[in-house]
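Read through the structure below, which is laid out as structure tokens, and then see the notes.
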Amino acid sequence: MPRSSPTCSAGVQDCQETIIVEHGIELLMEFNGIARRLDPARTYVLGRDPQSDMEFQEAVVSWRHARIYWNGKSWVLQDLGSTNGTYTNGRCMRLADITHGAVSSLGSEADGPQLRFNAPTHQQNGHLKGGGAPPEAHRDSQPTAPRSHGQAVRVATLTARRLTVKVKCGKSKRTLLNKVSFAVPPKALIAVIGPSGSGKSTLLRALTGHQRDVRGEVLYENQNLHERFAALRQRIGIVPQHDILHLQLTVRTALRYAARLRFPRDTDAAERDRRVEKVLSELKLDAHAGKRIAALSGGQQKRVSVAMELLTRPSLMFLDEPTSGLDPGMDRDVMQLLRRLADDGRTIIVVTHSVRELELCDKVLVLAPRGSVAYYGPPEAALEFFGYEQWADVFSAFEKEHGYDWSGRWRESGQHLASLVTPHQTGTPAGHAAHEGVHPPKPPLWTAQLFTLVRRYLAVVASDKGFVGMMVLLPVVLGLANTVIPADFGLRKAPHGKANVEAGTVLVSLVISMCFIGTTNSVRELVKERAIYARERAAGLSRSAYLMSKITVLGLITGLQGIVLCALSFAPRELPAEGVVVKSTPVLEMTFVITLLGFTSMMCGLVISALVKTAEKTMPLLVVFSVAQYMFSGIVFKLFDNPGVEHVARLMPSRWAVAAEGVTLDLGQVLGPQDKTAPSATDPLWRHTFGQWLTDTGVLLGAAIVCSLLTIRFLRRHEPEVVRKR
Ligand SMILES: Nc1ncnc2c1ncn2[C@@H]1O[C@H](COP(=O)(O)OP(=O)(O)OP(=O)(O)O)[C@@H](O)[C@H]1O
């Protein structure tokens, strides 16, 4: 029998708990050092859903993860079909009897939020959401830290062990990183400094799994970070040197798209939007939320990059030169922001050129040339260690005494031993087994990713007025230019069996225009946002969804341009009376072929874009591609019965497009003999039959498919090492 009745029975938010004293029924549930008394008359739902009786923020927790209720005989913790399971006393169970002393975890035995169940003492009387401040029982064994906004962040420890990177340099190998070992305590802001070329960015890439040929290991809370990247990626934020922002979007829109792409699939729009607004206010970006990112200052843009990463509540953040190019004031703003994020419980590692704000950091890691550790410890003791008064002198010494063994000096100091362990470190990856079998949070469905990417790409394209203008102008200008080519008989046979050579000129001009338009549309589109792609890929983006979003949007644009180009080019021309596919209106099948050619050319542009290292390299390749299409179209000179040349020509989309149009036009008859020695011989790809038309267009389509496979392959080369193999 209850000793007292509830003071409120309605909503969870403002409910005072029933006090139950019957032996065996009373249960206290403790999370994060806060104890709550459970009421046997109620069922408590646990999950990320804000409507839950107990809301969790961790990505390993499902939207509605589990419930706790009194079944008349015992307390039961029931898993509600969660993605990662519910663990009680070390076992993953769907239904578990909860007794005093039980320990349960949601989503992961080792990583998930941990609940402890105990009998209450008479002083303990806690509340679920909104029920006033409950007394603190005791701290979780896992260290946590309060956050100034939102809930507690799980603190992280990071250890690098003998990280070494050697790359091939001609016949020899060059060492970029040399046995770098250090341990980062939780809630710390660590600056990585060193002279230019000392390997700071390489170290950051090695730590985050972005670098190839890395030896040694990186442990994050005793788990191998690289091996378990998929499971841990939601807890890691990476702000690369190059901004990973679509500058054309507003701050809020960019964050919303990022949230759609990065949050687990069972997150609803309201939760995403709440998180975006929270991050905006946490980084003091609310006043700029409606502005385009391009209109913000460098420091504000950096804050947007940080905001993007904070969306998933990472406990570990890496930043590569976030203050480069910023004035001293902005430099301090960004470093103060990082200090605040570390104080809120995150571990922050920042590569920086600037030594102005080092005193804000807990520790500084100094890299000497050739990537070895010269010092790791408190910033205030660093200059004394080197025996100089200014950092400029330290860096000059690195330059002047190039052969000096700086890491040997650091090792001999004896201080390096203290830098290899953190207060919370167990020394061995003991927790490893406990993490096995924990599924990473499921990323959004492929179709949802595609939908988001298409919408974002359309928004980016629409806001780029130069790009839109060029897309409109190109087909109009080239279509009108095509109409000035004199051709008395248009694209038809000339009377009296005469050759209509001008028809070939009109056709090749049209075909090359379409090739050029299609390739121009896409040739910069992958290379220009490579940094964004690499970051989003590491955050869980599907490679094929990304490519498909480009194909969808660019394909649509190219298709429309093809129609405009054909409408302008064909309107003043005489066309054959009959087609081979659409008998009555040959213009339809001819427009289809030109549009398909544009699509295939656009795919060729994507291959180039995925292949090149920089956007500047795309222009020469675009010119080469267009000239090749002209040369090998089959109109400029005879290709058939020309072994070698013909084989090369068959690799060109223009060859097959001219061939398909040639079928409809009966081009062999229209142009007259191409081979003076054999006047009756015509190009076999132009045979005036439906089957030949199907073959020509089929090859054109096949070429587009091959291009998409090549693009996928080349895209992988630019991905972080940890996701490349997937
Ligand atoms: N793939 C590679 N092959 C050969 N050398 C490389 C490669 N990547 C980087 N390097 C070289 O390794 C050295 C370290 O490069 P890294 O970018 O890590 O230095 P850094 O300290 O970040 O320099 P900065 O401060 O100028 O950004 C440089 O000399 C660079 O030229």
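The values are calculated or read from the model by the stated rules, or taken from the named source; none is laboratory data. Only a predicted model underlies this, so the values are computations on that prediction, with no experimental measurement involved. A quick note on method: Cβ atoms are made from the backbone with ideal geometry, for glycine too, and the neighbour counts reach across all protein chains shown.
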**Request:** Select from the range 311-322 the residues that are touching a Gly at 6+ places or on another chain (Cβ under 8 Å) and within 17 Å of Leu360 (Cα to Cα) and write down the one among them that is nearest to the ligand (Cβ to nearest atom).
**Result:** Phe318
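Identify, please: which residue in the range 206-216 is farther than 12 Å from Leu176 by Cα and in a loop (DSSP other than H, G, I, E, B) and is, among those, farthest from the ligand (Cβ to nearest atom)?
Gly209
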**Message:** surrounded by fewer than 19 Cβ atoms within 10 Å (Cβ to Cβ) and in contact (Cβ under 8 Å) with a residue 12 or more places away in the chain: is that true of Arg313 in this structure?
**Reply:** no
**Request:** Only one of these is β-branched (Val, Ile, Thr), out of contact with any helix residue (DSSP H, G or I) (no Cβ under 7 Å at 6 or more places or on another chain) and in a helix (DSSP H, G or I): Val627, Val593, Val564, Val607. Name it.
**Result:** Val627
**Asked** If you scan the range 315-330, which residues turn out to be more than 16 Å from Leu296 (Cβ to Cβ) and either within 27 Å of the chain's Cα centre (by Cα) or small (Gly, Ala, Ser) (or both)?
**Response** Ser315, Leu316, Met317, Phe318, Leu319, Asp320, Glu321, Ser324
**Request:** Output yes when any residue across the range 180-191 is surrounded by fewer than 18 Cβ atoms within 10 Å (Cβ to Cβ) and within 16 Å of the ligand (Cβ to nearest atom), and no when none is.
**Result:** no
**Asked** For the range 374-390, does any single residue satisfy the condition of being more than 38 Å from the chain's Cα centre (by Cα) and within 16 Å of the ligand (Cβ to nearest atom)?
**Response** no
**Asked** So Leu473 fits all but one of (1) more than 18 Å from Thr591 (Cα to Cα); (2) modelled with pLDDT of 95 or more; (3) surrounded by 15 or more Cβ atoms within 10 Å (Cβ to Cβ); (4) not charged (D, E, K, R); what number is the exception?
**Response** (3)
**Prompt:** For the range 192-239, what are the residues that are of a type in the set (A, V, I, L, M) and closer than 22 Å to Ser305 by Cβ?
**Reply:** Val192, Ile193, Leu203, Leu204, Ala206, Leu207, Leu225, Leu232, Ile236, Ile238, Val239
**Fill in**
Here the qualifying pairs (Cβ atoms under 8 Å; residues six or more apart or on different chains; first in the range 339-366 and free of Cβ contacts under 8 Å to residues at least 24 places away in the same chain and assigned by the TED database to the domain that holds Asp405; second of a type outside the set (S, T, N, Q) and surrounded by 18 or more Cβ atoms within 10 Å (Cβ to Cβ)) come out as Glu359/Pro379
**Message:** For the structure I just gave you, tell me whether Leu219 is more than 15 Å from the ligand (Cβ to nearest atom) and either in a loop (DSSP other than H, G, I, E, B) or not acidic (Asp, Glu) (or both).
**Reply:** yes
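This table checks each residue for (1) within 16 Å of the ligand (Cβ to nearest atom); (2) on the phi > 0 side of the Ramachandran plot; (3) outside any loop (DSSP other than H, G, I, E, B); (4) not hydrophobic (A, V, I, L, M, F, W, C).
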residue	(1), (2), (3), (4)
Gly197	yes, yes, no, yes
Leu204	yes, no, yes, no
Arg233	no, no, yes, yes
Ala254	no, no, yes, no
Arg260	no, no, yes, yes
Pro264	no, no, no, yes
**Message:** Of all residues being of a type in the set (Ser, Thr, Tyr) and closer than 21 Å to Thr267 by Cβ in the range 88-108, which is modelled with the lowest pLDDT? Just the residue, please.
**Reply:** Ser108
**Message:** Let me spell it out: the conditions are (1) modelled with pLDDT of 85 or more; (2) crowded, with 19+ Cβ neighbours inside 10 Å, and Asp111 meets all of them except one. Which number is the exception?
**Reply:** (1)
**Asked** Pick from Gly126, Gly47, Gly33, Gly85: which is out of contact with any Gly (no Cβ under 8 Å at 6 or more places or on another chain) and modelled with pLDDT of 80 or more?
**Response** Gly47
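Here is a check on your reading of the model: is Arg537 within 23 Å of Leu709 (Cα to Cα), touching a Leu at 6+ places or on another chain (Cβ under 7 Å) and of a type in the set (D, E, K, R)?
no
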**Request:** Mind listing whichever residues of the range 287-338 are in a helix (DSSP H, G or I), among the acidic types (Asp, Glu) and at pLDDT 90 or above?
**Result:** Glu309
**Within the range 352-368, considering residues that are within 13 Å of the ligand (Cβ to nearest atom) and modelled with pLDDT under 90, the one nearest to Asn178 (Cα to Cα)** = His353
